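Undergrad: The structure that follows is given in the form of structure tokens.
The values are calculated or read from the model by the stated rules, or taken from the named source; none is laboratory data. For clarity, every value in this text was computed on a predicted model and none was experimentally measured. Here the Cβ positions follow ideal geometry from the backbone for every residue, glycine too, while neighbour counts run over all protein chains shown.
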Amino acid sequence: MPDLGLDVLFKGKNMLRLLGGLWVAVRISLISVALSIPLGILLGIVMTWKNPVTKTVTRIYLEFIRIMPQLVLLFIVFFSSTRTFGWDISGELASVIVFTAWGTAEMGDLVRGALISIPKHQYESGAALALSPFQTYFYIIIPQTVRRLIPLSINLVTRMIKTTSLILMIGVVEVLKVAQQIIEANRMSSPNAAFGIYLVVLIMYFMICWPISMLARYLEKKWR
Amino acid sequence: MAEVLLKVKDLVKQFDGGTVLDGISFDVRRGEVIVVVGSSGCGKSTLLRCINALEPIQGGSVELGGEPVVYGSKNLARMRQQIGMVFQSYDLFPHMNVIDNILLAPLKVQKRNKSEARAEAMELLKRVGLEDKAESYPRQLSGGQKQRVAIVRALCMHPVLLLFDEVTAALDPEMVREVLDVMLDLAGQGRTMIIVTHEMQFARAIADRVLFIDNGKIVEDSDPDTFFESPKSDRAKQFLNIFNFERSK
């Protein structure tokens, strides 16, 4: 068996450092998701309005965020804002800002889709049964919307966790950056470490994202 | 003759400038079964939707038991409890099982006792042959079964008037019968019903009176034998001809 350089993992606190890096990535994703969900729900509701102004503004926002590569957004917020406005924001804060802006756009579109996908006769059946508009929303529309939404928003979480691998470019020391540091530090003693360490990083991403994906799939099946 | 239960007077309904219902007037007596027929888009479904105020109307009035039914009014919830409606599209709530679908309105709107309402729901399900489906979800039912559940859901509110809006139009032919049988059973119990349908033989069998609507107006209002055997208007003759086929060889 070729030397994968796995021994480097057990040198010093390398494994712990990698896990710490992973936690940075997961923490940024979780904070961003926690902010994106309420903001996205608001955005999604606004997007269903028929008002042409809100329609255009939200559409432009959504398209802009979707078209721009996340890395460019990160550079704009982290580097450009410092020069132009003199803001001194940390890499982690810049990441949370960009990921929340992105998550809000994606979440808003999901909420919009879930809301308009509830057929009109669901509202009418409620009305015909003498339910008040509030009761119709509470017992019929919102439960169906949430069921459609939860699996989709869980998928958004995994996409966010994967995309955090970009934030090493603005100097945030997350799992991939820690891996690079470990590999660099052991270049002479274990030249093969690159393979082993990156393999471990891969497995770590998998261990985080796979259960989340499974949960989404399970909920999707259960609530179909 | 039984007393008048529903009074529709000079009903006018307009959509985007077009007039769908143009001065509709008719009375329904307690226990009567009215079948409304007419070509697609003549306003039959709209008429039913106006009777329980799912649509605002532009003129005229609807009265049930002497009380007005008005779109957006305060007493609307109370009036709608007395009007059961079954739609063409499957309108069961997909996230609730059969029994929860049926019990939602009796428990939340009428605040009835749960075990009493549940017992009644089970009795009604038994009557339509679905007592073993109480815990099933709508997606596990056939179209005909869903419509029977929708009928039970409407019945469980103890309505004095039932509206059926082309309830078999979206069903496979072999499922139509099971739904129509339930409706025949209800007619036999002396329930007051207004039925919009394209099943002409069924209409003839169940109706006390047939209303033929054309261009937003009631063109004929007669007993079924008269309507199907000797319609007075040319429009009705034309309409009924659609259902007759000559041998081609």
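Undergrad: Counting only residues that are under 36 Å from the mean Cα position of the chain (by Cα) and among the hydrophobic types (A, V, I, L, M, F, W, C), which one in the stretch A:112-133 is surrounded by the fewest Cβ atoms within 10 Å (Cβ to Cβ)?
TA: That would be A:Ile116.
Undergrad: Could you tell me whether A:Leu30 is closer than 22 Å to A:Ser95 by Cβ and in a helix (DSSP H, G or I)? Even if it seems obvious, please write down each step before you answer.
TA: Details: closer than 22 Å to A:Ser95 by Cβ: yes; in a helix (DSSP H, G or I): yes.
Yes: the conditions hold for A:Leu30.
Undergrad: Here's something else I'd like to know. For the stretch A:60-99, what are the residues that are within 22 Å of A:Trp49 (Cβ to Cβ) and either within 14 Å of the chain's Cα centre (by Cα) or not acidic (Asp, Glu) (or both)?
TA: Hits for the stretch A:60-99 are A:Ile60, A:Tyr61, A:Leu62, A:Phe64, A:Ile65, A:Arg66.
Undergrad: Another question about this same structure. Considering (1) of a type outside the set (Val, Ile, Thr); (2) assigned to a loop (DSSP other than H, G, I, E, B); (3) out of contact with any helix residue (DSSP H, G or I) (no Cβ under 8 Å at 6 or more places or on another chain); (4) surrounded by 14 or more Cβ atoms within 10 Å (Cβ to Cβ), say which one B:Lys9 fails and leave the rest.
TA: For B:Lys9, the failing item is (2).
Undergrad: Would you check if there is a residue in the stretch A:142-160 being touching a residue at least 24 places away in the same chain (Cβ under 8 Å) and outside any helix (DSSP H, G or I)?
TA: Checked against the condition, which is being touching a residue at least 24 places away in the same chain (Cβ under 8 Å) and outside any helix (DSSP H, G or I), the stretch A:142-160 yields no hits at all.
Undergrad: Go over the candidates B:Ser73, B:Ser61, B:Ser45 one by one and state the one that is within 14 Å of another protein chain (Cβ to nearest Cβ) and surrounded by 14 or more Cβ atoms within 10 Å (Cβ to Cβ).
TA: B:Ser45 is the lone residue from the list that is within 14 Å of another protein chain (Cβ to nearest Cβ) and surrounded by 14 or more Cβ atoms within 10 Å (Cβ to Cβ).
Undergrad: Write out, first by first residue and then by second, each pair whose Cβ atoms fall under 8 Å of each other, whose residues are 6+ apart or on separate chains, and whose first residue, in the stretch A:121-132, is within 7 Å of chain B (Cβ to nearest Cβ) while the second is in a helix (DSSP H, G or I) and among the hydroxyl-bearing types (Ser, Thr, Tyr).
TA: Going by the 8 Å Cβ cut-off, the qualifying pairs are A:Ala127/A:Thr136; A:Leu131/A:Tyr139.
Undergrad: Just to be sure I understand, how many residues within the stretch A:30-50 are among the polar types (S, T, N, Q) and at pLDDT 90 or above?
TA: The total comes to 2.
Undergrad: Take the stretch B:159-199 and flag every residue that is part of a loop (DSSP other than H, G, I, E, B) and either among the hydrophobic types (A, V, I, L, M, F, W, C) or out of contact with any Asp or Glu (no Cβ under 9 Å at 6 or more places or on another chain) (or both).
TA: First, the residues of the stretch B:159-199 that are part of a loop (DSSP other than H, G, I, E, B): B:159-160, B:166-172, B:189-191, B:197-199.
Of everything in the stretch B:159-199, those that are part of a loop (DSSP other than H, G, I, E, B) and either among the hydrophobic types (A, V, I, L, M, F, W, C) or out of contact with any Asp or Glu (no Cβ under 9 Å at 6 or more places or on another chain) (or both) turn out to be B:Pro159, B:Val160, B:Glu166, B:Val167, B:Ala169, B:Ala170, B:Leu171, B:Asp172, B:Gln189, B:Gly190, B:Arg191, B:Glu199.
Undergrad: Only one residue in A:Leu115, A:Leu152 is closer than 30 Å to B:Leu48 by Cα and away from chain B (no Cβ under 14 Å), so which one is that?
TA: The match here is A:Leu115.
Undergrad: Look at the stretch A:182-193 and say how many of its residues are in a helix (DSSP H, G or I) and either out of contact with any Lys or Arg (no Cβ under 9 Å at 6 or more places or on another chain) or free of Cβ contacts under 8 Å to residues at least 60 places away in the same chain (or both).
TA: Going through the stretch A:182-193 one residue at a time, the tally reaches 3.
Undergrad: Check B:Arg148, B:Arg153 and return the single one that is within 14 Å of chain A (Cβ to nearest Cβ), under 21 Å from the mean Cα position of the chain (by Cα) and crowded, with 18+ Cβ neighbours inside 10 Å.
TA: That would be B:Arg153, the only listed residue that is within 14 Å of chain A (Cβ to nearest Cβ), under 21 Å from the mean Cα position of the chain (by Cα) and crowded, with 18+ Cβ neighbours inside 10 Å.
Undergrad: Based on this model, can you work out whether A:Glu106 counts as without any contact (Cβ under 8 Å) to a residue 12 or more places away in the chain, part of a helix (DSSP H, G or I) and touching a Leu at 6+ places or on another chain (Cβ under 6 Å)?
TA: no
Undergrad: Residue by residue through the stretch A:129-141, note down the ones that are part of a helix (DSSP H, G or I), out of contact with any His (no Cβ under 9 Å at 6 or more places or on another chain) and closer than 20 Å to B:Asn97 by Cα. Full working, then the answer.
TA: So the first thing to find is which residues in the stretch A:129-141 are part of a helix (DSSP H, G or I), and the list is A:133-141.
Add one more test, that the residue is out of contact with any His (no Cβ under 9 Å at 6 or more places or on another chain), and what stays is A:133-139, A:141.
Matches in the stretch A:129-141: A:Gln135, A:Thr136, A:Tyr137, A:Phe138, A:Tyr139, A:Ile141.
Undergrad: Also, I was wondering about something else. Name the single residue that is surrounded by the most Cβ atoms within 10 Å (Cβ to Cβ) among those in the stretch B:187-203 being out of contact with any helix residue (DSSP H, G or I) (no Cβ under 8 Å at 6 or more places or on another chain) and either under 20 Å from B:Glu120 (Cβ atoms) or in contact (Cβ under 8 Å) with a residue 24 or more places away in the chain (or both).
TA: B:Thr192
Undergrad: Shifting gears a bit: Give me the residue from the stretch B:76-91 that is part of a loop (DSSP other than H, G, I, E, B) and facing chain A (nearest Cβ under 7 Å) and, out of that set, farthest from B:Glu166 (Cα to Cα).
TA: So in the stretch B:76-91, the residues part of a loop (DSSP other than H, G, I, E, B) come out as B:82, B:87-91.
Okay, now just the ones that are also facing chain A (nearest Cβ under 7 Å), so B:87, B:89, B:91.
Values: B:Phe87: 7, B:Ser89: 9, B:Asp91: 13 Å.
Here the answer is B:Asp91.
Undergrad: Scanning for something within 13 Å of chain A (Cβ to nearest Cβ), polar (S, T, N, Q) and in contact with a helix residue (DSSP H, G or I) (Cβ under 8 Å, 6 or more places away or on another chain), does the stretch B:130-138 turn up at least one residue?
TA: no
Undergrad: Here's something else I'd like to know. Looking for whichever is in contact (Cβ under 8 Å) with a residue 40 or more places away in the chain, at the interface with chain A (Cβ under 10 Å from one of its Cβ atoms), part of a loop (DSSP other than H, G, I, E, B) and not charged (D, E, K, R) here; the options are B:Pro106, B:Pro94. Which one fits?
TA: B:Pro94
Undergrad: Here's a follow-up. Going through A:Gly86, A:Gly108 one at a time, which residue ends up being away from chain B (no Cβ under 14 Å), loosely packed, with under 15 Cβ neighbours inside 10 Å and of a type in the set (Gly, Ala, Ser)? Explain how you work it out, then say what you get.
TA: Numbers: A:Gly108 fails: loosely packed, with under 15 Cβ neighbours inside 10 Å.
Just a single option satisfies the conditions, and that option is A:Gly86.
Undergrad: Continuing with this model, one more query. Which condition breaks for A:Ile161 when tested against (1) away from chain B (no Cβ under 14 Å); (2) touching a helix residue (DSSP H, G or I) at 6+ places or on another chain (Cβ under 7 Å); (3) of a type in the set (A, V, I, L, M); (4) farther than 23 Å from A:Trp210 by Cβ?
TA: (4)
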